[in-house]
Amino acid sequence: MNVKPDFNKNANNAATAPAFLSVWDIEAYYGESYIVQGVSFNVHEGEILALLGRNGAGKTSTLRTIARMGDPQLKHGEIWLDHQPLHNMAAYQASAAGIALVPEDRCIIPGLTVEENLQLAQIAPPIGWSIERVYELFPRLGERRKQEGVTLSGGEQQMLAIARALCRDIKVLLLDEPYEGLAPVIVQEIAKTLQIIRDQGITTIIVEQNAVAALKLADRAVILDTGSVVFDGSAVEVLENDALRAEYLAI
Ligand SMILES: Nc1ncnc2c1ncn2[C@@H]1O[C@H](COP(=O)(O)OP(=O)(O)OP(=O)(O)O)[C@@H](O)[C@H]1O
Ligand SMILES: [Mg+2]
């Protein structure tokens with residue numbers, strides 16, 4: 001039986017309610033390069049967490065470690081999702097356990113239509129939302145269902161990448177810079193969709209260079225600096241703390 005360890009402690013070492021996703025003291029390497037240097041944080045069910053930090057702080061590497069991608073290699077620490085030990089899993093097992101990583105480059109499959117990209121996500125269980133339900137959330141995708149996915153606009157491709165994740169039965173959505181290169185109006189449209197997805201019970205970690213947009217969406221924020229956590233608290237606290245933003249986010 002899988003038993004979640006007792007490491008739900010906040011920064012003051014006080015016990016907190018058990019978290020849905022617990023990342024505990026993870027250390028990860030690209031070859032000899034020590035990149036994720038003992039990162040710990042908790043995410044509660046149905047919460048949106050903004051994972052922020054300057055370029056090279058280790059945000060993508062942390063997401064990739066949680067999703068159990070081969071690189072970077074996890075050498076220390078534990079990751080638990082809803083009582084399941086992700087740290088013992090390969091990427092395909094973490095995916096089956098409910099982790100979905102939407103990478104920065106969106107990875108839309110060339111030669112396939114919008115609908116075929118979605119169908120491909122459903123060829124094996126665990127199957128999540130129906131394609132019709134996805135089109136209700138993203139009407140633009142429904143209108144363009146026969147269009148080749150890679151010919152969509154940047155914003156539409158981001159919607160397709162998120163939609164494809166929802167076609168699997170996921171618990172946690174990991175978004176790496178979903179707003180990159182998008183106009184403010186499209187950012188707002190995607191943010192509204194992410195709120196709806198949250199309201200339907202999916203837990204989200206959003207990594208963004210557009211920290212203000214991410215903080216407006218998020219409940220909580222974790223800030224990384226050179227592979228370590230330097231802040232863990234409410235999103236509002238970061239929005240209101242000019243010194244913190246200047247020091248670690250350069251905004
Ligand atoms: N495949 C790799 N091999 C070696 N080092 C890598 C590799 N990928 C990333 N790194 C290094 O790991 C560090 C953290 O990179 P990471 O991509 O996690 O940062 P990030 O916070 O996502 O940055 P950005 O905001 O620029 O996307 C950087 O110093 C980077 O050069
Ligand atoms: Mg990155």
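Quick look at the values:
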quantity: Residues that are farther than 16 Å from residue 102 by Cα and either part of a loop (DSSP other than H, G, I, E, B) or open to solvent by less than 10 Å² (accessible area, probe 1.4 Å) (or both), drawn from the stretch 183-202; calculated: 183, 200, 201
quantity: Hits in the stretch 218-243 (condition: touching a strand residue (DSSP E or B) at 6+ places or on another chain (Cβ under 6 Å) and either under 24 Å from residue 27 (Cβ atoms) or not small (Gly, Ala, Ser) (or both)); calculated: 219, 220, 221, 222, 223, 227, 228, 229, 230, 231, 232, 238
quantity: Single match in 201, 155, 233, 227 (criterion: among the small types (Gly, Ala, Ser) and within 13 Å of ligand 1 (Cβ to nearest atom)); calculated: 227
quantity: Residue 113 vs. criteria within 22 Å of residue 193 (Cβ to Cβ), surrounded by fewer than 19 Cβ atoms within 10 Å (Cβ to Cβ) and in contact with a Gly (Cβ under 7 Å, 6 or more places away or on another chain); calculated: yes
quantity: Meets criteria (at pLDDT 95 or above, among the acidic types (Asp, Glu) and in a strand (DSSP E or B)) for residue 115; calculated: no
quantity: Of all residues in the stretch 155-181 being within 16 Å of ligand 2 (Cβ to nearest atom) and of a type in the set (A, V, I, L, M), the one that is surrounded by the most Cβ atoms within 10 Å (Cβ to Cβ); calculated: 175
quantity: Candidates 175, 194, 217, 166, filtered to the one that is within 16 Å of ligand 1 (Cβ to nearest atom), within 19 Å of the chain's Cα centre (by Cα) and under 23 Å from residue 22 (Cα atoms); calculated: 175
quantity: Residue match in the stretch 207-228 (condition: of a type in the set (Val, Ile, Thr) and open to solvent by 60 Å² or more (accessible area, probe 1.4 Å)); calculated: yes
quantity: Residue in the stretch 138-154 that is open to solvent by less than 60 Å² (accessible area, probe 1.4 Å), closer than 23 Å to residue 63 by Cα and under 19 Å from the mean Cα position of the chain (by Cα) present; calculated: yes
quantity: Given (1) under 22 Å from residue 48 (Cβ atoms); (2) in contact with a strand residue (DSSP E or B) (Cβ under 9 Å, 6 or more places away or on another chain); (3) in a loop (DSSP other than H, G, I, E, B), number of the condition residue 145 does not satisfy; calculated: (1)
quantity: Selection status of residue 224, over 17 Å from residue 106 (Cβ atoms), assigned to a strand (DSSP E or B) and within 16 Å of the chain's Cα centre (by Cα); calculated: yes
quantity: Selection within the stretch 228-251 - under 20 Å from the mean Cα position of the chain (by Cα) and among the β-branched types (Val, Ile, Thr); calculated: 229, 230, 236, 238
quantity: From the options 123, 108, residue that is farther than 26 Å from residue 51 by Cα and in a loop (DSSP other than H, G, I, E, B); calculated: 123
quantity: Positions within the stretch 203-220 being within 16 Å of ligand 2 (Cβ to nearest atom) and either of a type in the set (Ser, Thr, Tyr) or part of a strand (DSSP E or B) (or both), in sequence order; calculated: 205, 206, 207
quantity: Test set (1) in contact (Cβ under 8 Å) with a residue 60 or more places away in the chain; (2) in a loop (DSSP other than H, G, I, E, B) - residue 165 fails condition number; calculated: (2)
quantity: Strands (runs of 3 or more DSSP E) wholly inside the stretch 18-89 containing at least 2 residues that are within 16 Å of ligand 2 (Cβ to nearest atom) and crowded, with 21+ Cβ neighbours inside 10 Å; calculated: 33-43, 48-52
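The values are calculated or read from the model by the stated rules, or taken from the named source; none is laboratory data. No experiment lies behind these values; they were computed from the predicted model shown. Note that we place each Cβ from the backbone using ideal geometry, even for glycine, and neighbour counts take in every protein chain shown. These area figures cover heavy atoms from the full protein model, side chains too; ligands, DNA and RNA do not enter into them. Shrake-Rupley method; radii C 1.70, N 1.55, O 1.52, S 1.80 Å.
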